[in-house]
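S.K.: Mind looking over this structure? Questions follow.
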Amino acid sequence: MSKHLLIVEDDELVQSLLAAYMQNEGFKISLATTGKEMLACIDSESIDLVLLDLGLPDEDGLVLARQVRARSSLPIIVVTARKEQKDRLAALEIGADDYLTKPFDPEELVLRVRNLLSRSGDGNTKEALRERTEIFRFRGWVLDTGAHSLTDEKGEKVALTRAEFNLLAALARAPNRVLSRDYLLDAISQDADSPTDRLIDVLISRVRKKIEANPKKPEILTTVVGCGYKFSARIE
């Protein structure tokens, strides 16, 4: 099965040339010209890798890369005209997997894409990645990001809103690390209109009521005053 690439590029000529070349190399291609289109495509289609330009009309690509990485391990290659070291370092620090500056040799891009897909694991589909790496077991709970489900020790499903689920998943992916409210906002930004820091506090409170033995004395989702929140339970 052909790997599915999402090309996020607002220059129509560059986008069409890149799409034609990658299709000729055997890839399935989807296109986006804005950040909004990119996130909608990732939500609705099974994408294997994103080729992301940084200079988009509605949102900076670095912000989009951070939002994607807060939600998933979807491979990202930044393809941009920005040549400054600070941009490269910022992209890699946020979680981009590779960085290529324009103009570039399309053969080099193909090699980078194939190498990254091969490192992503067996099958390279989002479904395979989820099955292998995104089932979290803690204190009798099972959080399955592929099935988008949370079950208790009796195997009964506990209802979570999409925002609550994405918040819990973001915390579970980084156990014992303090995550700032800004980071968590990225994890749920598509799930609420004009999300604010206060929304994170509200969602944390809601999730605690569903998973903590004593929500007033939380042991799973703990507060680090002045910094953010931490997933303190041990992942089994």
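S.K.: Could you tell me which of the residues Glu156, Glu219 is modelled with pLDDT of 95 or more and among the acidic types (Asp, Glu)?
M.R.: Glu219
S.K.: Of the residues Arg162, Arg173, Arg181, Arg130, only one is over 15 Å from the mean Cα position of the chain (by Cα) and either at pLDDT 80 or above or not aromatic (Phe, Trp, Tyr) (or both); which?
M.R.: After applying the criteria, what remains is Arg181.
S.K.: Within the range 63-111, which residues are farther than 14 Å from Leu49 by Cβ and aliphatic (A, V, I, L, M)?
M.R.: Residues satisfying the conditions are Val63, Leu64, Ala70, Ala81, Leu89, Ala90, Ala91, Leu92, Ile94.
S.K.: Shifting gears a bit: Among what's in the range 91-121 and is part of a strand (DSSP E or B) and over 19 Å from Leu13 (Cβ atoms), pick the residue that is farthest from the chain's Cα centre (by Cα).
M.R.: Residues of the range 91-121 that are part of a strand (DSSP E or B), as a first pass: 98-101.
Then keep just the ones that are over 19 Å from Leu13 (Cβ atoms); that gives 98-99.
Working: Asp98: 15, Tyr99: 17 Å.
Checking each candidate, the answer is Tyr99.
S.K.: All but one of (1) farther than 29 Å from Thr145 by Cβ; (2) in contact (Cβ under 8 Å) with a residue 60 or more places away in the chain; (3) exposed (fewer than 15 other Cβ atoms within 10 Å of the Cβ); (4) not hydrophobic (A, V, I, L, M, F, W, C) hold for Tyr21, so report the exception by its number.
M.R.: Answer for Tyr21: the failing condition is (3).
S.K.: Is it the case, given these coordinates, that Glu37 is out of contact with any helix residue (DSSP H, G or I) (no Cβ under 9 Å at 6 or more places or on another chain), closer than 22 Å to Ala169 by Cβ and surrounded by fewer than 18 Cβ atoms within 10 Å (Cβ to Cβ)?
M.R.: No, not satisfied.
S.K.: Scan Asn176, Asn166 and give me the residue that is part of a loop (DSSP other than H, G, I, E, B) and among the polar types (S, T, N, Q).
M.R.: Result of the check over Asn176, Asn166: Asn176.
S.K.: Another question about this same structure. When you scan the range 71-86, do you find a residue that is among the aliphatic types (A, V, I, L, M), assigned to a loop (DSSP other than H, G, I, E, B), farther than 24 Å from His4 by Cβ and not assigned by TED's automatic domain parsing to the domain that holds Asp182, even just one?
M.R.: yes
The values are calculated or read from the model by the stated rules, or taken from the named source; none is laboratory data. Values in this document were obtained by computation on a predicted structure and should not be read as measured data. Here Cβ is always computed from backbone atoms with ideal geometry, including for glycine, and neighbour counts include all displayed protein chains.
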